[in-house]
1. Which residue out of A:267, A:310 is farther than 27 Å from residue A:55 by Cβ, without any contact (Cβ under 8 Å) to a residue 24 or more places away in the chain and either in contact with a Lys or Arg (Cβ under 6 Å, 6 or more places away or on another chain) or of a type outside the set (S, T, N, Q) (or both)?
2. Starting from residues that are touching a residue at least 60 places away in the same chain (Cβ under 8 Å) and surrounded by fewer than 24 Cβ atoms within 10 Å (Cβ to Cβ), keep the ones in segment A:172-191 and report whichever is nearest to residue A:100 (Cα to Cα).
3. Just to verify a result, which residue in segment B:5-31, among those that are within 18 Å of residue B:87 (Cβ to Cβ) and of a type in the set (Val, Ile, Thr), is surrounded by the fewest Cβ atoms within 10 Å (Cβ to Cβ)?
4. Considering B:84, B:88, which residue is of a type in the set (Val, Ile, Thr), on the phi > 0 side of the Ramachandran plot and touching a residue at least 12 places away in the same chain (Cβ under 8 Å)?
5. Please go through segment B:136-154 and give me each residue that is within 14 Å of chain A (Cβ to nearest Cβ) and either out of contact with any Leu (no Cβ under 9 Å at 6 or more places or on another chain) or modelled with pLDDT under 95 (or both), ordered by number.
6. Count, please, the residues in segment A:196-217 that happen to be buried (at least 24 other Cβ atoms within 10 Å of the Cβ) and either in contact with a Ser or Thr (Cβ under 7 Å, 6 or more places away or on another chain) or modelled with pLDDT under 95 (or both).
7. I'd like to know if segment A:225-235 contains one or more residues that are among the acidic types (Asp, Glu) and either assigned to a helix (DSSP H, G or I) or more than 24 Å from residue A:130 (Cβ to Cβ) (or both).
8. All but one of (1) touching a residue at least 12 places away in the same chain (Cβ under 8 Å); (2) assigned to a helix (DSSP H, G or I); (3) over 17 Å from the mean Cα position of the chain (by Cα) hold for residue A:216; state the number of the condition that does not hold.
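The values are calculated or read from the model by the stated rules, or taken from the named source; none is laboratory data. Every value quoted in this text rests on a predicted model; they were computed, and no experiment measured them. Note: ideal-geometry Cβ built from the backbone for every residue, glycine included; neighbour counts use all protein chains shown.
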Amino acid sequence: MMVLTTRDREISGCGLAGIISRKKILIPGETIIRSISHMIERGNGLGAGYAGYGIYPQFADAYAFHVMYDDELARKETEEYIRKHFHVIHYEEIPTKKTKNIQESPLLWRYFLKPIEPPDVESFVEEDFVMKAVMDINDKIKGAYVFSSGKNMGAFKGVGEPDEIGEFYRIEEYQAYLWTAHTRFPTNTPGWWGGAHPFTLLDWAVVHNGEISSYGTNKRYLEMFGYKCTLRTDTEVVAYLIDLLVRRHKLPLRIAAYALASPFWKDIDRLPERQRRLFTAIRMVYGAALLNGPFAILVSWNGGLMGLNDRIKLRPFVAAVKDDKVYMASEESAIREVCPSPDRVWAPKAGDPVIALFEDFDGGEQFREYQV
Amino acid sequence: MEPLIIDAKGMHYRRLNQMIRDKVAEGYRHFILENVNGQRYIGAGIMEEVFIEIHGVAGNDLGVFMKRGTIIVYDNAQDGVGNTMEGTKIVVHGMAGDVCGYGMRGGKLHILRDIGYRTGIHMKTYKDMVPVIIIGGKAGDFFGEYMAGGILILLNLWDDDDRPVVGNFLATGMHGGTIYIRGEVDPYLFGKEVGVVEVTEEDKLLLRKHISEYCEDFKDHGLDVDEIMSESFTKLIPVSTRPYGKIYAY
């Protein structure tokens, strides 16, 4: 019997790519489109997306909300919510263009916002306020989804191949000093616009290849801290876990990575006393943040880029360095397509994060000692 | 016949592989592929005595199901080199990715630098066919997992980082074949299915034969078989047969 699939293509996995200029030299959008589209075989056209940092210098101090709406009613409700809680510095439709295969899309708008500080709150934390707004919109307004909410960054995603999504969002018209990108092959969850990667919160953006089989545990854990998973895709929990562990609990980024991809107990038992106590504490306190299942992820934020594999390397991940740029991708060819002769290419050790920070990023002790 | 030079720049793997197969049918045997970058399945299923030279990064499943001939990669190779291969020799002048030599039942992989995770899983011998993988650098976890036959040789010639020569879960579930690792191996890394045994004179002869060929393949790198052989090897063999036999219903 002949088996027909929607596309005549081998089953593969997702693909991811990221490029950072540690000196903040702007990288044209065309570069990241070319890199991710080189791995087009890894996706199946049911999701692709980009995150760019440094793309809104004119509104660098405002929270840039990228919002997707199912209909005008959702937009009206959301804009009422936004006006009540934020000063709107500027807003507009996200510029798009129809492509061969993307003729229809949800409504896509962006807003540059500054929080209106409530008069009656004693200790106002701006980021928590923005986080709550994102959760409120995603959870309470039917048909409205925040794609990104960080400063001077934005996520662009939808259903399509990575080159088409790039063309649709006119990514080649943007320049960023940090890009990540994803091409999707959805396996367990629907291929819809909100389910495309990156998944974001504030300026955190996560692209992921694999599946998080601990999703239920992670989701329930996050709910205790006010995070609501509404996007029907496992990767969403990774973005919120990073926000919780690094921004709110102030864990060093590397330690947060070890909470997500913790060493095995049998390896912890062999460590020197101090490290054994540290890793035991991480596993005890953050057991519910452990990501189970295969993954390679890229985590980006206004400080840099981190790549991380699950601890037994169930998904491919390659890194390279050339001058001030650090590249991370599912396949070496995606890197070499845009950087033919890197200074160094390597396959990072599973469970050990690869961290590349901007040279001018002052994240303090939490980040300092762990430069690539 | 003259070698056929193909510029693979921007070429989809299907077109590239179809072109190679068509040309093999026309009688071409020597191919020089320029500007390869990640094209998959190069050489897939070719049964003829071909010689394929690859400039650029070879994509996933290089040489999958191949039976004869030689492939030389003058750069790195991605995942799945020599997947279920039957008899070809693949030489990689760089590093190779994960799951190389999966289910391989013949032929050789000679890798100059490091190899990724899960090398030689389910590798097996078949009649007089004995697959051999030699790695010049280090290897990741699950080296030789479920190995059923053949020879894995890990040389650690470069030792250019702080990682151990081989990763965790070494030879888990191994029930056939032999693993030789140059230098010491922490017993913590392997499970109870395997044991370390003495390297005999017979082993040394076998190692010398394979490593000499390896050195010849990478002669531009000044490798010397005597120097390599001057360090002791750790030999691992299975100490049980079918360690998971009990968990099957029949």
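1. Values: A:310 fails: without any contact (Cβ under 8 Å) to a residue 24 or more places away in the chain.
On inspection, the qualifying residue turns out to be A:267.
2. So the first thing to find is which residues in segment A:172-191 are touching a residue at least 60 places away in the same chain (Cβ under 8 Å), and the list is A:172-186, A:191.
After this cut, where a residue has to be surrounded by fewer than 24 Cβ atoms within 10 Å (Cβ to Cβ) as well, the list is A:172-175, A:177, A:185-186, A:191.
Working: A:172: 17, A:173: 19, A:174: 21, A:175: 24, A:177: 29, A:185: 20, A:186: 22, A:191: 19 Å.
Of everything passing the filter in segment A:172-191, A:172 is nearest to residue A:100 (Cα to Cα).
3. B:24
4. Working: B:88 fails: on the phi > 0 side of the Ramachandran plot.
That would be B:84, the only listed residue that is of a type in the set (Val, Ile, Thr), on the phi > 0 side of the Ramachandran plot and touching a residue at least 12 places away in the same chain (Cβ under 8 Å).
5. Here is the first cut: in segment B:136-154, the ones within 14 Å of chain A (Cβ to nearest Cβ) are B:137-143, B:145.
B:140, the sole residue that qualifies.
6. Count: 12.
7. Start the filter on segment A:225-235 by keeping residues that are among the acidic types (Asp, Glu), which leaves A:234.
Subsequent filtering for residues that are either assigned to a helix (DSSP H, G or I) or more than 24 Å from residue A:130 (Cβ to Cβ) (or both) retains none.
No, there is no match, as no residue in segment A:225-235 is among the acidic types (Asp, Glu) and either assigned to a helix (DSSP H, G or I) or more than 24 Å from residue A:130 (Cβ to Cβ) (or both).
8. So the condition that residue A:216 fails would be (1).
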